[in-house]
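S.K.: Take a look at this one; I'll ask things after.
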Ligand SMILES: Cc1cc2nc3c(=O)[nH]c(=O)nc-3n(C[C@H](O)[C@H](O)[C@H](O)COP(=O)(O)OP(=O)(O)OC[C@H]3O[C@@H](n4cnc5c(N)ncnc54)[C@H](O)[C@@H]3O)c2cc1C
């Protein structure tokens, strides 16, 4: 029996959330007294996954697996789960993970629980802790099914690293056009930007920034800190920023270590997507802005003056 962890990579680099998923898998495997198998599909990063807790690393190659295709990847991962008697499958809740996990659960006739934020409790059955109601509540879900597929929210679980090495076992899998009903013909990817869902630092702007002409202040600070940029819904509705940056109840849910919100009021629909951030810093001219109630740090001031000062300070510290 084994815990099987899908380790996602991009451009030859593992995502940080993959290391979190492997550490989660290792800790869970210890609790269940079984082994932890890390699986990479199509591409892989350079790090040795043994260092993060994998007892084995299986790398699946084959036609149709060069780029992510949910159905093709689900078939490949599911075959590994079956041949290695995997009882729990761990997938990071990234864009790809969200489409992969349900397909694997169907193939394995497994229970699927998404949005997990902590280690499972195995003392009496198998209970997991997950976010619910747009991250406004926590649910404890007891799983009775023997096979389980769990998705872990990025930045929810720690990583541990040591110097253990494992060999990579290459496996060729036969996935054909008949196994998928859609094919990705081409992708147009933004290069060099930190993906919002995986960013540890996010600088976000709202209507208080007055117009798109001021957004360079958000971008400059984000560049200096290696952060991703985000925005409130009205900002993307007015096309000051692309919809891909819209966070909140109707946008993307994020959980960075630091969320800096400039000129955002802190409406409940906005907080639904960012309220789980570890540290929140709010810049707002109105001391009564609701966002201050959710903030760890608050700056009462004009964002158009505060952001350049923050940038200058970051540059000074870097020098
Ligand atoms: C069903 C539904 C779903 C929604 N989903 C989302 C969602 O997913 N995400 C989302 O963001 N919203 C969502 N909304 C909209 C939400 O209710 C708010 O209207 C929106 O978040 C407000 O955006 P804002 O804070 O940028 O703008 P405003 O409400 O206009 O607030 C601007 C803030 O900037 C401050 N300010 C003004 N000038 C400055 C300055 N120079 N410097 C610093 N601060 C300044 C003001 O004091 C104010 O607090 C949703 C609403 C509904 C009804």
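S.K.: Of the DSSP beta bridges with both residues in the chain, give the percent that are antiparallel, rounding to the nearest 5.
M.R.: Once the DSSP bridges in the chain are tallied, antiparallel ones form about 15 percent.
S.K.: Also, quick follow-up: Please compute the alpha carbon radius of gyration of segment 170-265, then divide it by the globular-protein estimate 2.2 N^0.38 Å. Two decimals is fine.
M.R.: Its radius of gyration relative to the 2.2 N^0.38 Å reference: 1.39.
S.K.: Rounded to the nearest whole Å³, what is the per residue volume of the convex hull around the Cα atoms of segment 196-318?
M.R.: It is 88 Å³ per residue.
S.K.: Using Cα springs under 10 Å in a Gaussian network model of the chain, which residue among 197, 23, 82 shows the largest mean-square fluctuation?
M.R.: For the chain, modelled as a Gaussian network with Cα springs under 10 Å, the answer is 82.
S.K.: Would you mind listing how long the chain runs along its three principal axes, going by Cα atoms, in whole Å with the largest first?
M.R.: 60, 45, 40
S.K.: Can I ask one more? Would you calculate the convex hull of the Cα atoms in segment 2-179 and tell me its volume per residue in Å³?
M.R.: Residue-normalised Cα hull volume stands at 107 Å³.
S.K.: Another question, then. Could you list 207, 313 so that the one with the fewest beta carbons within 10 Å of its beta carbon is first and the one with the most is last?
M.R.: So the residues, fewest neighbours to most, are 313, 207.
S.K.: Still on this structure, I have one more. Given Cα pairs under 8 Å that are at least 6 residues apart, what percent is the relative contact order of segment 196-318?
M.R.: Reported as a whole number, the value is 25 percent.
S.K.: Turning to a different aspect of this structure: Å³ per residue of the Cα convex hull, for segment 1-91?
M.R.: In segment 1-91, the Cα convex hull volume per residue is 77 Å³.
S.K.: Can you tell me, using C-alpha contacts under 8 Å and at least 6 residues apart, the relative contact order of segment 1-102 as a whole percent?
M.R.: 33
S.K.: GNM on the chain, C-alpha springs below 10 Å: top fluctuator among 284, 46, 214?
M.R.: The residue that fluctuates most here is 46.
S.K.: Please identify, among 231, 281, 36, the residue showing maximal mean-square fluctuation in a Gaussian network model of the chain using a 10 angstrom Cα cutoff.
M.R.: The residue with the greatest mean-square fluctuation here is 281.
S.K.: Then there is this: Where the centroid of each part is defined by its Cα atoms, how far is segment 31-54 from segment 254-276 in Å?
M.R.: So the separation of the two Cα centres works out to 33 Å.
S.K.: Applying 1/(1 + (r/R0)^6) with R0 = 22 Å to the Cβ-Cβ distance of residue 16 and residue 67, what FRET efficiency is obtained, to the nearest 0.05?
M.R.: 0.60
S.K.: Output the relative contact order of the chain, whole-number percent, from Cα pairs under 8 angstrom with separation of 6+ residues.
M.R.: Normalised by residue count, the contact order of the chain is 14 percent.
Values quoted throughout were computed directly from the atomic coordinates according to the rules given, and no laboratory measurement underlies them. All figures in this text were calculated on a predicted structure; none of them were measured in a lab. Neighbour counts run over all protein chains shown; Cβ positions are idealised from the backbone, glycine included.
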